Amino acid sequence: MTGRIRSDFRIGYCRMEENMQARLTKLNENEILLYLGYRGQEIPVQLKEQIERCQEEVMAAAQPRLIWRRIPIDSPLFSALRLEGEDIQSLLLGCHEAVLMAVTLGQGIDRLLARNSVSNMADAVIMDACASTAIENVADHFEEDLRAEVEAEGLYLTDRFSPGYGDLPISTQKQLCAALDTERKIGLSLSASMLMIPGKSVTAILGISNTRKVLRKRGCESCSLFRNCMYRKEGRNCHER
């Protein structure tokens with residue numbers, strides 16, 4: 001990610017990030033297995049090869065794009081979002097700025113999934129898991145880049161929080177997409193039922209504060225014992241022991 005948004009608190013103005021670059025790197029196979037419902041069983045060689053092939057097709061079809069804005073929380077633009085729910089208020093408690101973000105893998109992924117759902121359902125299921133992993137990969141890289149930039153300013157970034165999480169209504173998608181002009185900027189629109197088009201897309205809000213915030217712990221996919229975990233074989237995780 002290049003460039004930087006700077007907010008001018010004197011006039012409550014923020015400039016849209018124009019360098020709409022997004023990073024998609026090698027996918028985490030453990031995360032793909034989580035999406036596929038893996039519970040610690042042995043992975044057949046044939047399935048492993050199928051997953052690798054599906055990964056390659058998803059990576060080839062993906063055209064990741066990104067748009068974001070950094071705005072003062074006391075600005076009219078932020079107030080216009082009308083964020084509802086205690087969870088988002090808790091996330092932004094003590095924050096003086098917010099970041100609105102949207103990322104998408106593009107229409108090519110939707111076409112790939114649709115085509116394979118007709119011709120090869122087994123591939124379609126695996127590709128869907130790969131694509132879900134891919135969009136999180138893009139969102140995670142943006143969050144990492146932004147966190148480094150914010151911390152270089154002596155500030156701290158919260159986790160990202162998306163509409164539909166906790167008690168933040170899914171309808172918040174509409175305000176976020178409007179504020180980011182996602183349809184024109186990155187080709188991301190909403191259906192009447194608030195589903196994102198393309199389907200493999202993410203919108204989220206993050207907060208910026210002067211004090212460090214507690215961040216969520218990484219999931220099972222980052223654990224070195226993932227493949228041989230006795231808890232996963234029982235359909236549990238180590239936090240439930």
Say we look at segment 187-207 and pick out the residues that are in contact with a strand residue (DSSP E or B) (Cβ under 9 Å, 6 or more places away or on another chain) and free of Cβ contacts under 8 Å to residues at least 60 places away in the same chain; which of these is farthest from L92 (Cα to Cα)? S191
Taking segment 125-140 as the search range and keeping residues that are closer than 13 Å to I32 by Cα and among the hydrophobic types (A, V, I, L, M, F, W, C), which one is surrounded by the fewest Cβ atoms within 10 Å (Cβ to Cβ)? V125
Mind listing just one residue for me: the one in segment 36-63 that is of a type in the set (K, R) and assigned to a helix (DSSP H, G or I) and, of those, nearest to I186 (Cα to Cα)? R53
Are any residues in segment 58-94 open to solvent by 50 Å² or more (accessible area, probe 1.4 Å) and either among the charged types (D, E, K, R) or in contact with a Pro (Cβ under 9 Å, 6 or more places away or on another chain) (or both), and if so, which ones? R65, D74, R82, E84, E86, D87
If you check L112 against the conditions, is it farther than 18 Å from S189 by Cα and either free of Cβ contacts under 8 Å to residues at least 60 places away in the same chain or buried (at least 20 other Cβ atoms within 10 Å of the Cβ) (or both)? yes
Picking from E143, E97, E153, E149, which residue would you name as being loosely packed, with under 15 Cβ neighbours inside 10 Å and either under 25 Å from R184 (Cβ atoms) or of a type in the set (D, E) (or both)? E153
Based on what the data block shows, is D167 open to solvent by 10 Å² or more (accessible area, probe 1.4 Å), outside any helix (DSSP H, G or I) and not small (G, A, S)? yes
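The values are calculated or read from the model by the stated rules, or taken from the named source; none is laboratory data. If you're wondering where the values come from, they're calculated on a predicted model, not measured in any experiment. For neighbour counting, all protein chains shown are included, and Cβ atoms are generated from backbone atoms with ideal geometry for every residue, glycine included. The area values use the complete protein model at the heavy-atom level, side chains included, leaving out ligands, DNA and RNA. Shrake-Rupley method; radii C 1.70, N 1.55, O 1.52, S 1.80 Å.
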